[in-house]
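The values are calculated or read from the model by the stated rules, or taken from the named source; none is laboratory data. Given the structure is predicted, the values throughout are model-derived calculations rather than measurements. Reconstructed Cβ throughout: ideal geometry from the backbone, glycine too, with neighbour counts over all protein chains shown.
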């Protein structure tokens with residue numbers, strides 16, 4: 001068994017564009033005929049997330065245009081501005097995480113991320129119920145009738161919830177399989193990047209295997225660390241050492257626990273700095 005990266009080529013991109021076009025056409029038909037449907041909606045950032053994002057960008061001398069209601073074009077313009085910066089991965093990650101989660105709704109508020117006024121899911125009716133509902137609605141429209149499966153708002157909420165449950169189940173299975181795969185590599189060292197910063201440590205995604213694990217805060221060095229949620233970083237109280245989102249680090253695998261599907265790392269090489277204390281002397285993170 002092995003873990004490999006799937007490379008996207010021109011064929012993949014052409015298929016994706018065709019699927020997007022089909023979804024847009026389906027939503028356009030239903031919108032113009034004023035027939036109820038489940039749209040795939042994606043709203044812009046909340047005021048709280050937008051404020052946090054602007055505060056973060058200010059620290060890098062950057063600004064997001066658009067005032068209180070930035071558009072996808074404003075996001076795209078900023079991404080193009082930072083494209084050649086060495087910290088581009090960090091900035092891209094924070095910009096993406098500022099957005100809300102897409103969901104299904106009969107209220108068409110557009111799709112912020114794709115910059116579409118109308119968008120729905122149409123291309124996968126054999127595996128996705130919202131797509132099947134859209135097919136049935138279009139069939140009814142073309143026949144001059146109406147399709148009424150019940151309360152569209154409740155259907156949208158139900159489909160959004162089941163989608164999240166399915167995604168979570170997929171993540172849990174993938175985490176267990178990755179943990180099983182990495183058992184024979186306990187003790188090995190790998191290069192990676194910080195994928196998340198929390199009050200209890202940093203998560204690191206390995207370059208070679210696309211596997212993520214935790215470096216607990218007690219393993220970051222002999223210091224107290226402050227958690228800065230706005231800047232996505234931990235800062236050492238005494239050493240002022242920083243661990244930020246997208247930082248490059250080298251880690252060693254110390255545990256792969258199948259019961260919890262959890263992989264634990266410690267810093268290695270130059271990333272290690274001062275060795276951390278044992279877990280019996282865990283430090284608190286000040287937030």
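For this structure, a couple of remarks:
- Residue in segment 5-18 that is surrounded by fewer than 10 Cβ atoms within 10 Å (Cβ to Cβ), in the same structural domain as residue 151 (by TED's automatic domain parsing), farther than 30 Å from residue 147 by Cα and in contact (Cβ under 8 Å) with a residue 40 or more places away in the chain present: yes
- Qualifying residue in segment 188-207 (condition: surrounded by fewer than 14 Cβ atoms within 10 Å (Cβ to Cβ), at pLDDT 95 or above and touching a strand residue (DSSP E or B) at 6+ places or on another chain (Cβ under 7 Å)): yes
- When residue 138 is tested against the conditions (1) part of a helix (DSSP H, G or I); (2) touching a strand residue (DSSP E or B) at 6+ places or on another chain (Cβ under 9 Å); (3) crowded, with 18+ Cβ neighbours inside 10 Å, the lone failure is (2).
- Flag for residue 95 being closer than 30 Å to residue 230 by Cα, part of a helix (DSSP H, G or I), in contact (Cβ under 8 Å) with a residue 40 or more places away in the chain and touching a helix residue (DSSP H, G or I) at 6+ places or on another chain (Cβ under 8 Å): yes
- Checked against the criterion of being more than 17 Å from residue 231 (Cα to Cα), surrounded by fewer than 16 Cβ atoms within 10 Å (Cβ to Cβ), assigned by TED's automatic domain parsing to the domain that holds residue 152 and in contact with a helix residue (DSSP H, G or I) (Cβ under 8 Å, 6 or more places away or on another chain), segment 71-86 contains not a single residue that satisfies it.
- Among residues that are in contact with a strand residue (DSSP E or B) (Cβ under 9 Å, 6 or more places away or on another chain) and within 30 Å of residue 229 (Cα to Cα), residue 63 is not included.
- Among the residues of segment 113-126, none qualifies, meaning not one is out of contact with any helix residue (DSSP H, G or I) (no Cβ under 9 Å at 6 or more places or on another chain), surrounded by fewer than 21 Cβ atoms within 10 Å (Cβ to Cβ) and assigned by TED's automatic domain parsing to the domain that holds residue 159.
- Residues of segment 215-240 that are in a loop (DSSP other than H, G, I, E, B) and within 21 Å of residue 58 (Cα to Cα): 229, 230, 231, 232, 240.
- Residue satisfying all of: in segment 228-243; modelled with pLDDT of 90 or more and crowded, with 18+ Cβ neighbours inside 10 Å; nearest to the chain's Cα centre (by Cα) among these: 233
- Within segment 42-70, the set of residues being surrounded by fewer than 18 Cβ atoms within 10 Å (Cβ to Cβ), within 17 Å of the chain's Cα centre (by Cα) and assigned to a loop (DSSP other than H, G, I, E, B) comprises 43, 46.
- When residue 21 is tested against (1) modelled with pLDDT of 90 or more; (2) assigned to a loop (DSSP other than H, G, I, E, B), just one condition goes unmet, and that condition is (2).
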